[in-house]
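These notes concern the structure reproduced below.
Bear in mind that the values in this text are calculations on the coordinates, not laboratory data. Source: prediction; values computed, not measured. No Cβ is skipped: glycine too gets one built from the backbone with ideal geometry, and neighbour counts run over all protein chains shown.
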Amino acid sequence: MTRRLAIACDHGGYTLKKAIKARFSDIEWLDLGTDSTESVDYPDFGDKLASAIERGEVEQGIAICGTGIGISIAANRNPAVRAGLCTDTEMARLTREHNDANVLALGARITDEATALDIVETFLNTEFEGGRHARRVDKLS
Ligand code: RB5
């Protein structure tokens, strides 16, 4: 079955979003914008991504802005979201194994493209460990 994820970015993340979609073309992407490098506001796109998860349209998503900070803050305001901002593959592995993160946040001005693609690959291929981490994740909601 084709895996489906949402992806959203502001202008700072647009180029990296295109690279991620091209590299992981086997995934069915629900692309929530933005669609150019014209300046937009990251809260709007973090909220779109969070709403798609809240509505059950997708289980996971990727959020990108310049630093990854603004769009992760925006997405995390929705209780349905656990967004983890990752700058290396170790963080990506741990945010899946320990936090059951359903959104990967990336900073396109912080993390180079090759590293970001490795981070996405790790995020996509790592399962939640459950156990003691499930108790902690449950406490988040
Ligand atoms: C936009 O210039 C920039 O502020 C945004 O992409 C992000 O880094 C915010 O956290």
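Some observations on this one:
- Taking Cα centre as origin and charging only the Cβ of basic (Lys, Arg, +1) and acidic (Asp, Glu, -1) residues, the dipole magnitude of the chain rounds to 360 debye.
- Computed extension length for E97-R135: 12.4 nm, one decimal, from 0.36 nm per residue of separation with the Cα-Cα distance subtracted.
- Taking each residue as 0.36 nm, the span from N125 to T2 lengthens on full extension beyond its C-alpha to C-alpha distance by 42.9 nm.
- Distance (nanometres) between label positions extended 7 Å along Cα→Cβ at R109 and D88: 2.3 nm
- The stretch 5-82 shape via C-alpha gyration tensor axes, a/c threshold 1.5: oblate
- Intensity falloff of the chain expressed as log10 I(q)/I(0), Debye formula with alpha-carbon point scatterers, at q = 0.15 Å⁻¹: -0.64
- Each residue of the stretch 97-104 is assigned a 3J(HN,Hα), and the resulting list reads 5, 9, 9, 6, 4, 9, 10, 9 Hz, derived from the Karplus form 6.51 cos²θ - 1.76 cosθ + 1.60 (θ = phi - 60°), x at Gly and Pro.
- Residues of the stretch 70-95 with amide N under 20 Å of the 7 Å Cα→Cβ point at R55: 74-83
- Most to least packed among 64-73, 124-133, 81-90, 95-104 [average Cβ atoms within 10 Å]: 64-73, 95-104, 81-90, 124-133
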